[in-house]
Amino acid sequence: MSFSHRHLLGIEALRPDEISTLLDLSDTYAERNRTRTSCTEVLAGMTQINMFFESSTRTLASFELAGKRLGAGVMNMAMQASSLKKGETLIDTALTLNAMRPDLLVVRHPHSGAVDLLSQKVDCAVLNAGDGRHEHPTQALLDALTIRRAKGRLHRLSIAICGDIAHSRVARSNIMLLGKMENRVRLVGPQTLMPSGIEDFGVEVFEDMREGLRDVDVVMMLRLQKERMDGGFIPSEREYYHRYGLDAEKLGYARDDAIVMHPGPMNRGVEIDGTLADDINRSVIQEQVEMGVAVRMAAMDLLAQSLRVRRAAQDVSVMA
Amino acid sequence: MTLLLTNARLVDPETGTVAPGALLLRNGVIAERFDTPTPDIGTDHVPQDNRRDAQGKCVAPGIVDIGVKICEPGERHKESYGSAGLAAAAGGVTTIVTRPDTAPAIDTPESLEFIRRRANEAAPVHVLPMAALTKGREGREMTEIGFLMDAGAVAFTDCDSVVRDTKVLSRAMTYARALGALIVGHPQEPNLSAGAATTSGKFASLRGLPAVSPMAERMGIDRDIALIEMTGVRYHADQITTTRALPALERAKRNGFDVTAGVSMHHLTLNEYDVADYRTFFKVKPPLRAEDDRHAVVEAVKSGLIDVIGSFHTPQDEESKRLPFEEAASGAVGLETLLPVLMRLYHSGDLDLPTLFRALSLNPARRLGLECGRLAKGAPADLVLFDPDKPLVLDRFKLLSKSKNTPFDGARLQGKVLETFVSGTSVYRSP
């Protein structure tokens, strides 16, 4: 197996074959989860700490469940309420936790690059559960797995990512992953929600949603965060829904077998029509949640393996 | 005190020449300048002990660095007048022009007198203070510009805290104009640049960092130039760092307004991609720009459109920098690295030595009405002796500044200060 990374900080550092390795293993875990096959031996005796500096329900639950299914001891730390309020710096928090000798550290932080910084100070494996507007690698991987299972392949597909691209780490990780696997990526949204320099990312940008969805295989919606409304990025929810909300009419421009995705949590009636989101023939939103657990199990399994290899090498050098 | 500096290559920004010569320093001034490297002066006139052989190395007017932050009062653990003075001497900087963005800000004659006293006690180089333009740098009420000038303020600036209220700024400028005071502005549209950690573009988007369009600088300079036209104030833009701001500056100069502009060493030698994996030592204000912009500002220094180069020395302790990029403090130390770093532009063929020292010494001195910055007879004997070719690998822990936040740690540079003279006296000699 070819996966020797110490941490999973972003999609940017992964090669296409490493992504495939991760997805293959995720498939195995998805089957095991469905058949309720126990795999608690994989991380038995290991400790996983979930450090969330930003509130999260589903990602935290997903990582917690993934760890528990693999047999790890899991601890959740809600960091907003904790030491940062007392003035402790991120690095000090990292060093403190490191001294408790965890094996896996799952981190979410509101600032881009913060998880990267933290990973430089600890001995254990670090998984990025989202840093600022930078990356959210496990989300991109679970999206990729969902697409691969629904479409039977993860290459030469036309995929539209719609909505608030500028503030979305999910979009960045997905653009990178889907690009690496040789798909055509389209971005759809108002110009105020597009990041600067986006034309250099190897994507096509559309302001007209109907044009953007024409003949695509996958429609990936992003969550519109309420605070963007106050920032003056869009005039109102109803105008946004009118122009960029996904409904049956706009979806009609996509291919007949196009699937609809959303990383959650959804704002029904803002970026997606409620009925469409529940349409089991088109929407794979529930499958995404299911694949999330499988992908995180696979990622932690692989990181634990390289952690064991690295520790064994250290033990040898200590003995020698 | 008499000193005869022989066998030197004189870098003269006034004539734009580099030529062999010698200088006789007496009573703090250049008493005589010779066009021969070893002038025929008897030892009865200048004793052997008072002669220094420059061994063919360069002698240039000492650097006048506008916009140095010394963290007294408030954060003396980051930098004091003592440590900054030593760092300046080691960098060939003979005049430090300090920023008032301390805690509290230098906005009263009393606080100005405090820092002048501290500077006199502790620093081996000249220190000239700038004062805040508005009280507390809050952009609401102008400071006592007249009293502050009497107390020795050479210019007025709110530094990177842009005066948002145009009415307040226009009144302060009108008042300053009547007193002949120089105002130093930070051209930036403050609402557009609020919260930005980098320049917008592909790199900012890849890293997911909050970014500002380079256009914010042009909007800032456009507004300030309109106010200059309205008030007739003497104005210096602290940093012009983008292509888009240059035509406005060029027009203002062509129209005869009393306008000059500076640029930092960082914007002349680094670009946005140097931030790489969130390296906070590369976080400066304004943020590093695209490579095209870097080229454009180098050209503007060459043509003289940008008048002044400064280090924008901004000491930050490790704690302020060891944070996620967005949260980390801005700024870099630069007093000691200014000359070796700028030698990159000399070795790359972009700027010759007289052009560099025109921007480092002559122009800033002229702008502040100082006699220094020249190698002419009668000018103050503030000089730097340096070897433009000597290679070195920069080790940040060897810097004399209390703070070690340089983006050039480990950089291979060419160019070393050998000795610095202030008023004819040697204040630093390379070990």
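Structure above, values below:
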| read-out | value |
| --- | --- |
| Cα-projected label distance for B:ASP165 with A:ASN281, points at 7 Å along beta-carbon direction, nm | 6.4 nm |
| ³J(HN,Hα) computed for each position of region B:346-357 - Karplus, 6.51 cos²θ - 1.76 cosθ + 1.60, integer Hz, glycine/proline x | 6, 5, 7, x, 6, 10, 8, 5, x, 5, 4, 7 |
| Shape of region A:104-218, Cα gyration tensor, a/c cut at 1.5 | oblate |
| Ratio of Rg to Rh over region A:172-320 (Cα coordinates, Kirkwood Rh, two decimals) | 1.12 |
| Fraction of beta bridges assigned by DSSP in the protein assembly as shown that are antiparallel (%, nearest 5) | 35 percent |
| R0 of 22 Å, Cβ-Cβ distance B:MET1-B:ASP35: FRET efficiency to nearest 0.05 | 0.40 |
| Percent of beta bridges antiparallel (DSSP, region B:62-367, rounded to nearest 5) | 5 percent |
| Most mobile of A:GLY231, A:GLY152, A:GLY130 in a GNM of chain A (Cα contacts under 10 Å) | A:GLY231 |
| Calculated FRET efficiency for the pair B:ARG26/B:GLN55, C-beta based, R₀ 22 Å, to 0.05 | 0.50 |
| Calculated [θ] (222 nm, deg cm²/dmol) that DSSP helices of n ≥ 4 give over the protein assembly as shown, each run adding -39,500 (n - 2.57) | -10000 deg cm²/dmol |
| Choice from B:LYS135, B:LYS78, B:LYS390 showing the highest fluctuation, given a GNM over chain B with Cα pairs closer than 10 Å | B:LYS390 |
| Gyration tensor (alpha-carbon) shape descriptor, region B:1-132, a/c threshold 1.5 | prolate |
| Angstrom value of the Kirkwood radius, inverse mean 1/r, which spans all Cα pairs in the protein assembly as shown | 28.9 Å |
| Region B:361-411: C-alpha gyration tensor shape, a/c 1.5 cut-off, then a/b vs b/c | prolate |
| Under-5 Å amide H pairs with B:SER426, H placed in peptide plane, nonlocal only | none |
| Residue-wise HN-Hα coupling along region A:100-111, computed from phi with Karplus coefficients 6.51, -1.76, 1.60 (Hz; x: Gly, Pro) | 7, 6, x, 9, 10, 10, 9, 10, 10, 8, x, 10 |
| Sequence of A:ILE198, B:ILE225 once ranked by neighbouring C-beta atoms within 10 Å, starting from the fewest | A:ILE198, B:ILE225 |
| Cβ-Cβ FRET estimate between A:LYS121 and A:GLU12, R0 fixed at 22 Å, reported to 0.05 | 0.60 |
| For chain B, the longest site-free run once GluC sites (Glu not before Pro) in DSSP loop states with at most 13 other Cβ atoms within 10 Å are removed | B:142-370 |
| Inverse of mean 1/r across different Cα pairs in region A:100-157, Kirkwood, Å | 12.9 Å |
| Order of A:LEU118, B:LEU305, A:LEU90 under a 10 Å beta carbon neighbour criterion, fewest first | B:LEU305, A:LEU90, A:LEU118 |
| Formal net charge of residues neighbouring A:ARG58 (Cβ-Cβ distance under 12 Å; K, R +1; D, E -1) | +1 |
| Ascending count of other beta-carbon atoms within 10 Å, so fewest first, for B:VAL393, B:VAL154, A:VAL289 | B:VAL393, A:VAL289, B:VAL154 |
| Of the DSSP H helices in chain A, those whose Cα atoms cover at least 24 Å axially and whose Kyte score averages -1.0 or more | A:16-34, A:285-319 |
| Residue of B:ASP387, B:ASP150, B:ASP65 that the Gaussian network model of chain B assigns the largest fluctuation, springs spanning Cα pairs under 10 Å | B:ASP150 |
| Cα-only radius of gyration and Dmax that characterise region B:280-362, units Å | 14.4, 41 |
| Proportion of all alpha-carbon pairs of chain A beyond 31 Å (%) | 31 percent |
| Equivalent ellipsoid semi-axes, region B:117-208, via Cα gyration tensor eigenvalues times 5, rooted, Å | 30, 20, 10 |
| On Cα atoms only, tilt of B:109-122 relative to the major axis of chain B in degrees | 40 degrees |
| Kirkwood-based shape ratio for region B:62-367, expressed as Rg/Rh from alpha carbons | 0.93 |
| Rg to Rh, two decimals, where region B:337-431 supplies the alpha carbon set and Rh follows Kirkwood | 0.98 |
| Extension gain (nm, one decimal) between B:LYS135 and B:THR43, 0.36 nm per residue minus Cα-Cα | 27.4 nm |
| Neighbourhood net charge (13 Å Cβ-Cβ; Lys/Arg +1, Asp/Glu -1) for A:ALA277 | -3 |
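FYI, it's all coordinate maths here, none of it is from the lab. Just so it is clear, the structure is predicted and the values come from calculations on it, not from any experiment. Note that each Cβ is placed from the backbone with ideal geometry, even for glycine, and that neighbours are counted across all protein chains shown.
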